[in-house]
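The values are calculated or read from the model by the stated rules, or taken from the named source; none is laboratory data. What you see is a predicted model; the values in this text were computed from it and never measured. So basically every Cβ, Gly included, is an ideal-geometry build from the backbone, and we count neighbours across all protein chains shown.
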Amino acid sequence: METLQTELKQQAENFGARFFGAADLAPAKDFIVDQGGAFLAEYPRAISVGISLHDGIMDQLPRHKEIPVAKTYIYLYDTANATLNRIAYRLSAALSKAGYQALQIPASQYINDEKVIGLFSQKLAAHLAGLGWIGPSCLLVTPEVGPRVRWVTILTDAPLETGTPMDNQCGDCNLCVENCPPKAFTGRPFDPAEPRDLRFKVQRCIDYRKHLYEKVTGARTCGMCLYICPFGCKDN
C-alpha cells in the first residue's frame, strides 16, 4: 500500500500538483452524506490534490476591476481546474487498476447553484488530509501559499495512510474579512458543527461577482480573499 500511495503522489506531482494527501473521512461521515448522498459513505478515504495558483496574476487581484487582470485570472483558474481533473482521472484509473474503488469529484462543480455547494467538499478533504485549515474566509489555508490553491478529490476504499488535520493558524488575523468588497464574511471562526451561513453570506459574493461580470469586466473575478491572506501574500 505504501508503494501505491507513493506512486499516486509521484503521478500527481509529475503533472503539476504541489499538494497531495490522504484523508480518513470517518469524522465527517454525517456531513458528507447530508451534502452529497448516502452512496458517498461507501468511500472511507479521500485523496486530496492541490495546484498552486501563480503569484504573477494573484498579486494583481487588487486590480480585479480591470479587464486584463480579471480575464487573465479566469484563464488561470480554468486551466488549474482542467489540470486537476486530468490528474484525478489518472489517479482514479490507477486505483481501479490496483483493485480499489475510486470516485473522482470534479474540481469546481456545483450540484446546487443557489447554495454554491458541490457533491463533496474539496476543502474538507484537504483539511482532513492535513494540508491546511479553514480560515475566516471559509477557504482552505495552507502554511506554504495560504489559500492560493485549487483542489480536486478522489474518494476511494484503498486503505491509504492518512494525514492529521491542522489546527487553525490564523490567530487574530481578519484581513480576508476586512478586505472582502461585498462584506460576505462575518469573521466567525470555523466550527464544523455550525452551518456555513454563520460565516459566509454567499449571496453577497454571488451578487458582487455578477455585477462585475455584467457591468465591469465581463468576468466573475474578485479573489481578494485569495490575495490578501498573509500566508500567500508577501506584502502582508
Of the numbered conditions (1) buried (at least 17 other Cβ atoms within 10 Å of the Cβ); (2) modelled with pLDDT under 95; (3) in contact with a helix residue (DSSP H, G or I) (Cβ under 9 Å, 6 or more places away or on another chain), GLN60 satisfies every one except a single condition; which is it?
(2)
Please work out which residue is surrounded by the most Cβ atoms within 10 Å (Cβ to Cβ), limiting yourself to region 211-226 and to residues that are part of a helix (DSSP H, G or I) and within 21 Å of the chain's Cα centre (by Cα).
CYS225
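Residue-by-condition table, conditions (1) more than 22 Å from TYR73 (Cα to Cα); (2) modelled with pLDDT of 95 or more; (3) in contact with a Gly (Cβ under 6 Å, 6 or more places away or on another chain); (4) surrounded by fewer than 18 Cβ atoms within 10 Å (Cβ to Cβ):
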{"residue": "VAL141", "(1), (2), (3), (4)": "no, yes, yes, no"}
{"residue": "VAL145", "(1), (2), (3), (4)": "no, yes, yes, no"}
{"residue": "VAL149", "(1), (2), (3), (4)": "no, yes, yes, no"}
{"residue": "THR153", "(1), (2), (3), (4)": "yes, yes, no, no"}
{"residue": "ASP157", "(1), (2), (3), (4)": "yes, yes, no, yes"}
{"residue": "GLU161", "(1), (2), (3), (4)": "yes, yes, no, yes"}
{"residue": "ASP172", "(1), (2), (3), (4)": "yes, no, no, yes"}
{"residue": "PRO182", "(1), (2), (3), (4)": "no, yes, no, yes"}
{"residue": "ARG188", "(1), (2), (3), (4)": "yes, no, no, yes"}
Output the number of the condition that PRO136 fails; it satisfies all remaining conditions of (1) of a type outside the set (D, E, K, R); (2) assigned to a helix (DSSP H, G or I); (3) surrounded by 23 or more Cβ atoms within 10 Å (Cβ to Cβ); (4) over 12 Å from the mean Cα position of the chain (by Cα).
(2)
Residues (at pLDDT 95 or above, among the basic types (Lys, Arg) and over 16 Å from ALA158 (Cβ atoms)) located in region 83-122
ARG86
So PHE231 fits all but one of (1) touching a helix residue (DSSP H, G or I) at 6+ places or on another chain (Cβ under 8 Å); (2) in a loop (DSSP other than H, G, I, E, B); what number is the exception?
(1)
State all residues of region 145-164 that are part of a loop (DSSP other than H, G, I, E, B) and either aliphatic (A, V, I, L, M) or over 15 Å from the mean Cα position of the chain (by Cα) (or both); if no residue qualifies, say none.
VAL145, ASP157, ALA158, PRO159, LEU160, GLU161, THR162, GLY163, THR164
